[in-house]
1. Any chance segment 5-28 includes a residue that's more than 9 Å from the ligand (Cβ to nearest atom), at pLDDT 95 or above and at positive phi?
2. Does Ala40 satisfy the condition of being within 9 Å of the ligand (Cβ to nearest atom) and surrounded by fewer than 17 Cβ atoms within 10 Å (Cβ to Cβ)?
3. I need the full set of residues from segment 92-107 which are small (Gly, Ala, Ser) and either closer than 16 Å to Ala34 by Cα or touching a strand residue (DSSP E or B) at 6+ places or on another chain (Cβ under 9 Å) (or both), in order please.
4. Any residue in segment 113-129 that's within 11 Å of Val76 (Cα to Cα): show its pairings with residues that are away from the ligand (no atom under 16 Å from the Cβ) at Cβ separation under 7 Å, as long as the two are six or more apart or on different chains.
5. Could you grab me the full set of residues in segment 55-74 that are closer than 17 Å to Gly117 by Cβ, touching a helix residue (DSSP H, G or I) at 6+ places or on another chain (Cβ under 6 Å) and touching a residue at least 40 places away in the same chain (Cβ under 8 Å)?
6. Kindly provide the set of residues from segment 63-119 that are part of a helix (DSSP H, G or I), farther than 25 Å from Gly129 by Cβ and among the small types (Gly, Ala, Ser), ordered by number.
7. Just to be sure I understand the filter: pairs with C-beta atoms under 7 Å, separated by 6 or more residues or on different chains, first member in segment 30-54 and more than 18 Å from Thr88 (Cα to Cα) and assigned to a strand (DSSP E or B), second member at pLDDT 95 or above and within 14 Å of the ligand (Cβ to nearest atom). Which pairs pass?
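The values are calculated or read from the model by the stated rules, or taken from the named source; none is laboratory data. These numbers were taken from a predicted model, which means no experiment stands behind them. In this analysis, Cβ positions are derived from the backbone assuming ideal geometry, glycine residues included, and neighbour counts consider all displayed protein chains.
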Amino acid sequence: ARRADSGGIVVIGLGRFGCHLAGSLTRMNREVLAIDRSPAKVQRWSAQLDRVVQADATEEGALRQLGISSFGRAVVAIGASVEASVLTVLALVELGVPQIWARATSQKHAKILASVGAHHVIFPEAETGDRVAHLIVSRLLDFI
Ligand code: ATP
């Protein structure tokens, strides 16, 4: 495994959340390897991101071939398919990725992700909703 990648971040799933995450990390000068199983998504983001590859992330062998085990961090940004997200986390655990971040769409989904070995579970929709609610209320106070 190439240790040079240990500061790099793997982003899996280039939906609305994953593509923004990968773009922000790239602008922060992080080495990003983006993975999506859809050839259309790979094509769509190949100009904006440094490395975008087409692969089914639930396949441990495919991830191994991409050299994922040398990365220090991975983010599973798949949302809609609980099965794909859980199997992807499992594959990353098997490959020994030290820091695995995973996106959950429900509390039950979060429990499964944690139990298979995700180190950090995030809820982008819930977190954004909370943040915007606070923003709106604090702005409202300006007008009372
Ligand atoms: P968002 O809200 O971020 O748009 P979503 O929940 O609407 O996400 P998902 O179906 O979760 O969309 O898919 C997010 C991305 O993950 C898609 O681009 C999809 O192609 C990709 N994806 C889904 N399953 C896999 C997989 N097994 N391997 C790699 N990529 C996958």
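1. no
2. On the way: within 9 Å of the ligand (Cβ to nearest atom): yes; surrounded by fewer than 17 Cβ atoms within 10 Å (Cβ to Cβ): yes.
For Ala40, the condition - within 9 Å of the ligand (Cβ to nearest atom) and surrounded by fewer than 17 Cβ atoms within 10 Å (Cβ to Cβ) - is met.
3. Initial filter on segment 92-107 (small (Gly, Ala, Ser)): 96, 102, 104, 106.
Residues satisfying the conditions are Ala102, Ala104.
4. Val121/Ala114
5. The answer is Ala57, Phe71, Gly72, Ala74.
6. Ser69, Ser70, Ala91, Ser115
7. What qualifies is Arg51/Leu33; Arg51/Ala34.
Matching residues to (1) within 16 Å of the ligand (Cβ to nearest atom); (2) at pLDDT 95 or above; (3) among the small types (Gly, Ala, Ser):
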position: Arg73; (1), (2), (3): no, yes, no
position: Ile100; (1), (2), (3): yes, yes, no
position: Lys111; (1), (2), (3): no, yes, no
position: Ala118; (1), (2), (3): yes, yes, yes
position: His134; (1), (2), (3): no, no, no
